[in-house]
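See structure below.
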Amino acid sequence: MSVWKEEARFYGRIIMVAALVVAVIFAWHYFAKQDTVRQVSQENAATVAGQKKAAESAGLKLGDKQASEAAKMIEKAASGPPDEVIPSTGGTVKAELDKIAAKSGGYLLVTDPAAPQKAPKVDALSPDKPLNLNVYGIKPYPKRLLEVTLYPQAADVALLRRVTVFKRTGYLGPAVSYDADRRSKLRIGVRLSVPLD
């Protein structure tokens, strides 16, 4: 009986430490919000280095492949018509950008098509001047995820691949679960993970 109590205390401590670490991470992400609006030159936005630098300054990290995909997307988008046109002036543009950034789930790149080699200075624009700026929403998703969950005497592992589900980016893949307390200790299944916002 005493061995069982010692083991329960040990696992209880591990669970408490893990819960504390998770709470600290969530609190840090909640209170340390980054400014996700980046003002860059059009030329810089279409490069891998420019994408990585913009993502890092917005508090995100992009891999080489993700940065390359984002740079190609901006290069392609710049040569075609915009998805949406939002009328704005120098006085209202900051509020409009913050509203778009809050919905994006990633970060925004703001460029000036009239001066593709320069980053626009949104704060320095005259309040009544009508604007023509390009705004690109970059929502980085890695191609694969590895999920590992540990419980007392149990574990769960899943290897997920990026898919599109109901017009949303999600992850799908095989999952393996081991539980020492079950009669059939090993279970194999499929996991689907879809973000709701």
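So here's what we get for this one:
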quantity	calculated
Unmet criterion (only one of (1) touching a Lys or Arg at 6+ places or on another chain (Cβ under 9 Å); (2) among the β-branched types (Val, Ile, Thr); (3) in contact (Cβ under 8 Å) with a residue 24 or more places away in the chain) for residue 135	(1)
Residue in the range 183-192 that is surrounded by 15 or more Cβ atoms within 10 Å (Cβ to Cβ) and either in contact (Cβ under 8 Å) with a residue 12 or more places away in the chain or more than 30 Å from residue 42 (Cα to Cα) (or both) present	yes
Which listed residue is of a type outside the set (A, V, I, L, M, F, W, C) and either without any contact (Cβ under 8 Å) to a residue 40 or more places away in the chain or closer than 28 Å to residue 48 by Cβ (or both), from 121, 129	121
All positions within the range 164-178 that are open to solvent by less than 40 Å² (accessible area, probe 1.4 Å) and at pLDDT 80 or above	170, 171, 173, 175, 177
Among the residues listed as 40, 24, the single one being of a type in the set (A, V, I, L, M, F, W, C) and either modelled with pLDDT under 75 or loosely packed, with under 12 Cβ neighbours inside 10 Å (or both)	24
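The values are calculated or read from the model by the stated rules, or taken from the named source; none is laboratory data. None of the values given here were measured: they were computed from a predicted structure. Here the Cβ is made from the backbone with ideal geometry for all residues, glycine too, and neighbour counts use every protein chain on show. Areas reflect the complete protein model, heavy atoms only, side chains present, ligands, DNA and RNA absent. Shrake-Rupley method; radii C 1.70, N 1.55, O 1.52, S 1.80 Å.
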